[in-house]
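The values are calculated or read from the model by the stated rules, or taken from the named source; none is laboratory data. Remember, predicted model here, so these are calculated numbers, not experimental data. Here the Cβ positions follow ideal geometry from the backbone for every residue, glycine too, while neighbour counts run over all protein chains shown. These accessible areas exclude ligands, DNA and RNA; they are computed on the full protein's heavy atoms, side chains included. Shrake-Rupley method; radii C 1.70, N 1.55, O 1.52, S 1.80 Å.
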Amino acid sequence: MALILCSQCQQPISKDSLTCPLCGHSNSEPTLSTTETSERKISLPLLLGIIFIPYLFTWFILRKGYKLTSQAIALAWLTFMIYCLAIAFYDPKHHPLQSEQPVIIEIQKNQ
């Protein structure tokens, strides 16, 4: 039977006892689930959705519980995909600041 020290009164108590027999302090150690915040893991379908359809699936990862790093990577990927989409549809021939008709400038010569 292993002995440990009570965290309250520092007296040796059994590791298996739930409370200290001298002071009554709880002997149970906090579990990892109560001390750490539970973080969701990214499932394979969600990861594939973020890669191939980031416009929809990135918003799923912005919910509470996902790591900030995962959220930042998903938003960066979404931004990159939107930029690539904008580049793909950009046609310099139809720039809104350019007119459709060529402008003809006549220069009068003084004679």
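I'm checking my understanding of the structure. Among residues of segment 80-99 that are open to solvent by less than 90 Å² (accessible area, probe 1.4 Å) and of a type outside the set (A, V, I, L, M), which one is modelled with the lowest pLDDT?
Among them, the one singled out is S99.
Between a first residue in segment 1-25 that is in contact (Cβ under 8 Å) with a residue 12 or more places away in the chain and a second residue that is of a type in the set (A, V, I, L, M) and open to solvent by 70 Å² or more (accessible area, probe 1.4 Å), which pairs have beta carbons less than 6 Å apart while being 6 or more apart in sequence or on different chains?
Final answer for the pair search is C9/L22; Q11/L22; S14/M1.
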